[in-house]
Amino acid sequence: MVRKNIVVLGAGYGGVRVTQRLSSFLLHRSDYQIVLIDKNEYHTFMTQLHEVALGVNDYNDVIVPLQDILDERNITFIKGQVHKINSANREIELEKGEIKIPFCYLVIALGGEPEYFGIDGLEEYSTSLSSLENAKELYSVVRKELSYREKTLTFVVGGGGLTGVEMAGELACFIGRYAEENHIKEDNFKIILIESADELLPGMSQKVASYARQSLQQSGVEVITADRLTRVTPGEIYLASGRTINFTTFIWAGGIRGNRIIAESGFETDNRGRMIVNSCLQYVKDKQVFAVGDSALAKDPKTGLPVLPTAQAALRQGKVVAENILAEITGGQRVEYQPGNILLLINVGRKQGLGEAKRFFKITGKPAAWLKKLIPMRYLYLLGGVKLLGHRLFSLNRPK
């Protein structure tokens with residue numbers, strides 16, 4: 001009997017969640033197999049990349065080998081770069097069409113790419129945190145720049161959302177510690193955070209946004225809001241207000257769009273490259289194709305607005321998609337995606353944090369920072385149970 005393929009593209013938060021849940025649902029069925037495709041043989045904790053970029057964690061601390069979290073009994077992993085999705089022929093083309101993988105059901109979880117909004121020079125002269133490779137590159141860049149002590153160094157973070165605020169806060173801690181250890185005046189360093197919206201953390205409450213601004217400013221970060229980039233050249237950022245900022249390193253965290261493969265493969269997307277899906281996260285023109293995370297234009301049914309692209313949202317979407325694929329196979333009842341009361345937690349520096357759930361529950365300061373530290377542990381347990389969590393805790397506490 002030929003087994004039908006349920007193909008999952010991408011081993012990010014949503015893709016791994018779909019794969020694991022489907023594996024559990026279909027463990028004793030011999031007519032389907034799950035095929036997970038990714039260019040890497042590991043899963044990356046994307047929310048911790050800023051720690052790699054500044055040397056807080058080694059890159060091995062923010063990845064887990066896929067073989068440690070996948071059930072090999074009904075999951076086949078293929079390492080490869082997705083070139084095209086041929087929906088008409090129900091095939092995935094890898095490595096420029098050299099390899100073709102057939103599918104019966106498809107889950108697109110390819111993650112996102114930096115959104116540059118057509119700003120001249122932005123992509124060319126900035127570094128993003130969109131991948132582990134980018135984070136390692138940024139670490140090398142920052143270390144190199146710090147070796148030039150005879151000049152003032154200006155680090156600019158573009159984008160005051162979740163990633164940008166965490167990056168700016170972590171950068172302030174890193175620079176402060178570096179200056180103290182090397183007996184350098186902190187005046188030799190500048191950190192600037194730029195956000196085009198009226199306040200930091202768009203989508204979160206005014207109280208939380210104000211706390212983030214205050215915490216960053218106390219750490220020495222200059223916060224600019226309600227001003228947008230118009231042009232970037234080597235070493236200079238031009239703002240709509242007319243201000244020009246000379247920079248040493250420019251880190252872009254100002255937006256994410258869907259992977260370009262989605263639109264290039266002919267799927268209907270919004271202006272940010274995200275697949276148009278229904279309330280069950282199915283592509284509107286093909287019920288056997290699903291999308292999660294940054295690949296999907298998932299909306300809150302209560303507000304009609306796109307949900308914030310967080311790891312928690314991708315995990316919840318992955319669970320819904322797994323249940324709906326099972327429903328399609330068995331003739332069961334599909335479930336609609338509901339964002340849920342997700343608690344958003346971020347660090348603003350090493351010892352300060354903030355969190356909010358649906359604007360009703362708010363937490364700031366050291367308790368929020370403590371809770372934030374527990375999230376990676378909880379996620380490790382979700383991925384691989386007690387065994388993976390214990391192994392990772394042992395590895396982290398072992399002298400390096």
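What to note about this one:
- The Kirkwood radius of segment 212-255, taken over pairs of alpha-carbon atoms, gives through the Stokes-Einstein law at 25 °C and 0.890 mPa s a diffusion coefficient of 209 µm² s⁻¹.
- Whole-number accessible area per residue in Å² for the chain, which is evaluated in the context of all protein chains at 1.4 Å: 48
- Amide H to amide H, with H built 1.01 Å from N, Arg231 comes under 5 Å of Tyr238, counting only residues 5 or more places away or on other chains.
- Using θ = phi - 60° and Karplus 6.51 cos²θ - 1.76 cosθ + 1.60, couplings along segment 61-76 (whole Hz; Gly, Pro as x): 7, 10, 10, 9, x, 4, 5, 7, 10, 10, 8, 6, 5, 9, 10, 10
- Residues Asp270 and Val141, FRET efficiency given R0 of 41 Å [Cβ-Cβ distance, rounded to 0.05]: 0.80
- Net lengthening on full extension, Lys302/Leu388 (0.36 nm per residue, minus Cα-Cα): 27.2 nm
- Exposure check, 1.4 Å probe, all protein chains in place: Ser279 carries approximately 60 Å² of accessible surface.
- Alpha-carbon gyration tensor eigenvalues x 5, square-rooted, for segment 277-320, Å: 16, 13, 8
- For segment 174-249: rounded, prolate or oblate by the Cα gyration tensor [a/c cutoff 1.5]: oblate
- Restricted to Cα atoms, segment 251-308 shows a radius of gyration and a Dmax of 11.6, 39 angstrom.
- Loop sites by DSSP among the chymotrypsin sites (Phe, Trp or Tyr not before Pro) of the chain, restricted to those with at most 11 other Cβ atoms within 10 angstrom, leave 149-359 as the longest stretch without any of them.
- Prolate/oblate/rounded call for the chain, Cα gyration tensor, a/c under 1.5 rounded: prolate
- Filtered GluC sites (Glu not before Pro), segment 145-236: DSSP coil and at most 11 other beta carbons within 10 Å: Glu150
- Rounded if a/c under 1.5, otherwise prolate or oblate - segment 3-94, Cα gyration tensor axes: oblate
- Derived scalar couplings between HN and Hα for segment 215-232 equal 5, 5, 5, 5, 8, x, 8, 7, 9, 10, 10, 6, 8, 10, 6, 10, 6, 10 Hz in order, rounded to whole Hz, by the Karplus curve 6.51 cos²θ - 1.76 cosθ + 1.60 (θ = phi - 60°), x for Gly and Pro.
- Per-residue SASA entry for Thr330, accessible area with 1.4 Å probe, Å² rounded to 10: 80
- Accessible-area rank, largest first, for Lys299, Lys144: Lys144, Lys299, with all protein chains present and a 1.4 angstrom probe.
- Surface composition of segment 60-144: carbon and sulfur make up 44 percent of the accessible area, probe 1.4 Å.
- Selection of GluC sites (Glu not before Pro), segment 2-91, meeting DSSP coil and at most 12 other Cβ within 10 Å: Glu41, Glu72
The values are calculated or read from the model by the stated rules, or taken from the named source; none is laboratory data. Bear in mind that the values here come from a model prediction, so they are computed numbers and not experimental data. In this analysis, Cβ positions are derived from the backbone assuming ideal geometry, glycine residues included, and neighbour counts consider all displayed protein chains. Note: areas computed on protein heavy atoms with side chains; ligands, DNA, RNA excluded. Shrake-Rupley method; radii C 1.70, N 1.55, O 1.52, S 1.80 Å.
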